[in-house]
Amino acid sequence: MPLVSVRDVHKSFGKLEVLRGVSMDVKKGEVVCIIGPSGSGKSTLIRCINGLNDIQRGSILVEGQEVNDPKLDKLALRKKVGIVFQQYNLFPHKTALENVMMAPVKVLKEPKREVEARARALIAKVRLSGKEDVYPGHLSGGQQQRVAIARSLAMRPDVMLFDEVTAALDPETVKEVLLTIKELAAEGMTCILVTHEMGFAREVADHVYFTDRGVIVEHGPPEELFTEARDERTRRFLSQIF
Amino acid sequence: MFELIAPIFQRLFEETGWNFIIFYDRYEYDRFVTGISISLQLILWSTLLSLVIGVLGAWVQTARSALLRGIVDGYIQLFRNTPPLIQLLFFYFGLGAFTPQVDMGGYYEPMISAFTWAVLSLGIFGGAFNVEIFRSGIEAVPKATAEAAESLCFSSWQTYAYVTLPLAFRISLPALTNNLVSLAKTTSLAYVISVPEMTYTLNQVWSDNINVPEMMLVLFLFYVVVVSLIAAGLHALEKRLALPGYGR
């Protein structure tokens, strides 16, 4: 059974139909990249997976839990699904360490000492040892983004969503963030990424989806999609990027 | 304290005619100290009431019920758009006329004292501004920051308490300082409903002793000192809470 199963999902903002029947499966330990032009519904799709946006039709199953359910236990869902945003969205009034510790301590009511040890280990893992007591305002974009990844991992999710996490970063710091994600993937974390980093997608992804105007145009293993795309739209998009 | 300064002001009066009677006459001195105490209590309680109203009102304004929001909106319009002097008179003479009298053993006293009416009236006046100040602070917190909290399993109440409110409070502080300073000064209006605060007290002193310029000077300095202390305290708080790496 796939970890995340998306079936015929439709989503509109008012009259604007953003997703028009999208389906995809993500198996445990798989790394999936979603690529496509701006406005194709990529970000909306992954935001739907952890219930930040609701859907009008279709089904999203995460470990068998239906997301499109009015009685959905959002907290139980979000414990399983971590998300990292383009703009990091750290809590500016808390230090890096406090950002990572906050949710496990305040929400999951886990013992503080235990959480702190885990948080310090996570900060080391994203290569930010020594920055524990620094506030987000004094960190670079790439550093903030890695704190955001550590913050999400502190909840011990089963799947991580990355919503254009390098889009707001300068090329220098993009590398360090991608390296962190790559290590996560290598450890077997299930990852769904919306990205414009084609080189990265090609290298890390097990499966790539190309979306345009709310539908999945085609999908396949990266070597296949990037070299012998069948659809004209995919080819045109890829030729503009490379 | 009194023993220390009394001879100095006694001599000043005898030699120059400058009559700071509150600093050398025991009776007037006690009156003056009571005035300080009442003024400070009035400032403290009306400020606290205005803050409670501000936080609750701003919270209600984020509510879904249009009725609740409308009530808070009406309250703001009513108390922001009328002079505080009229509000005090309205509360004390208008509403005060309908409150029951209590038998104090031979004589009757209104159940709600002039002081209490002043706290209520000024608190409600200041609160109307605080609601707007806190609301603008809440609206200035990026939605994405609250969304990040939600995606980390925070309930909407936890998001409000741990993320939105702490950030909104910081954003609101400069405007809040202005309003609380203004409220502290407005407490002098309680004079018109005979609350024996500083203005009222000194008015009595100068009526009894015909030393208007001297008492005016004291009154003026009293507010300078008190309001400066309040402003300094709030500025210190603002500095302490400033988000590192943002703004200054």
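No value in this document is a laboratory result; all are computed from the given coordinates. Predicted model only: the values in this text are computed from it and were never measured. Cβ coordinates were reconstructed from backbone atoms using ideal geometry, including for glycine residues, and neighbour counts include every protein chain displayed.
Quick one: angle between helix B:2-16 and the longest Cα principal axis of chain B, in degrees between 0 and 90, rounded to 10, please. Relative to chain B, helix B:2-16 is tipped by roughly 60 degrees. Mean-square fluctuations from a GNM of chain B, with a 10 angstrom spring cutoff on Cα atoms, peak among B:Asp25, B:Asp208, B:Asp103 at B:Asp103.
Between the stretch B:137-186 and the stretch A:1-74, what is the C-alpha centre distance in whole Å? Centre-to-centre distance over Cα atoms comes out at 32 Å.
Taking loop as defined by DSSP and a crowding limit of 12 other beta carbons within 10 Å, which trypsin sites (Lys or Arg not before Pro) in the stretch A:182-242 fit?
Details: sites: A:Lys182, A:Arg202, A:Arg213, A:Arg230, A:Arg233, A:Arg235, A:Arg236; in loops: A:Arg213, A:Arg230.
Of the trypsin sites (Lys or Arg not before Pro), the ones in loops of the stretch A:182-242 whose Cβ has at most 12 other Cβ atoms within 10 Å are A:Arg230.
Taking GluC sites (Glu not before Pro) in DSSP loop states with no more than 10 other Cβ atoms inside 10 Å as exposed sites, chain A has its longest site-free stretch at A:1-186. The calculated FRET efficiency for the pair B:Leu78 and B:Val227, based on their C-beta separation and a Förster distance of 35 Å, comes to about 0.85. In this label model, A:His10 and A:Ser129 are separated by 5.4 nm, measuring between points 7 Å along each Cα→Cβ vector.
Counting Lys and Arg as +1 and Asp and Glu as -1 over every other residue whose Cβ lies under 10 Å from the Cβ of A:Val107, the net charge comes to +3.
Let's test the formula: R0 of 56 Å, r as the Cβ-Cβ distance of B:Thr62 and B:Thr16. What FRET efficiency results, to the nearest 0.05? Display every interim value, and only then the final one.
Values: r = 61 Å, r/R0 = 1.09.
About 0.40, to the nearest 0.05.
GNM on chain B, alpha-carbon springs under 10 angstrom: the most fluctuating residue among B:Trp18, B:Trp59, B:Trp117 is B:Trp18.
Of the cross-linked pairs A:Lys15/B:Lys143; A:Lys28/A:Lys182; A:Lys71/B:Lys143, which ones have a Cα-Cα span greater than 18 Å in the structure shown? Over 18 Å apart, Cα to Cα: A:Lys15/B:Lys143; A:Lys71/B:Lys143.
What is the sum of charges around B:Val205, taking Lys and Arg as +1, Asp and Glu as -1, for the other residues whose C-beta is under 12 Å from the C-beta of B:Val205?
Values: positive: B:Arg31; negative: B:Asp25, B:Glu28, B:Asp30, B:Asp208, B:Glu214.
Neighbour charge sum, excluding B:Val205 itself: -4.
Label point of A:Arg57 set 7 angstrom out along Cα-Cβ; within the stretch A:16-50, amide nitrogens under 16 Å from it belong to A:16-23.
So if we plug the beta-carbon distance of B:Val102 and B:Asn209 into 1/(1 + (r/R0)^6) with R0 = 35 Å, what FRET efficiency do we get, rounded to 0.05?
Plugging the Cβ-Cβ distance into 1/(1 + (r/R0)^6) gives 0.50.
Within a 10 angstrom radius of each residue's Cβ in A:93-103, how many Cβ atoms of other chains show up on average? Whole number is fine. List each step's numbers first, then the result.
On the way: counts 12, 4, 1, 0, 0, 0, 2, 0, 0, 6, 8.
The mean count of partner-chain Cβ atoms within 10 Å per residue comes to 3.
Helix-only arithmetic for chain B: the sum of -39500 (n - 2.57) across DSSP H runs with n ≥ 4, divided by the residue total, places the mean residue ellipticity at 222 nm at -24000 deg cm²/dmol.
Round to the nearest 10 and give me the degree value, 0 to 90, for the angle of helix B:66-80's Cα axis relative to the longest principal axis of chain B. So the helix axis and the longest Cα principal axis differ by about 30 degrees.
Averaged across the residues of A:81-87, what count of C-beta atoms belonging to other chains lies within 10 Å of each residue's C-beta? Provide the component values of the computation, followed by the final result.
Values: counts 1, 3, 5, 2, 5, 1, 4.
Per residue, the average neighbour count from other chains is 3.
Above 32 Å, the calculated P(r) of chain A contains 20 percent of its Cα-Cα pairs. Quick one: among B:Leu40, B:Leu122, B:Leu229, which has the greatest mean-square fluctuation in a GNM of chain B with alpha-carbon springs under 10 angstrom? Its mean-square fluctuation being the largest, the pick is B:Leu229.
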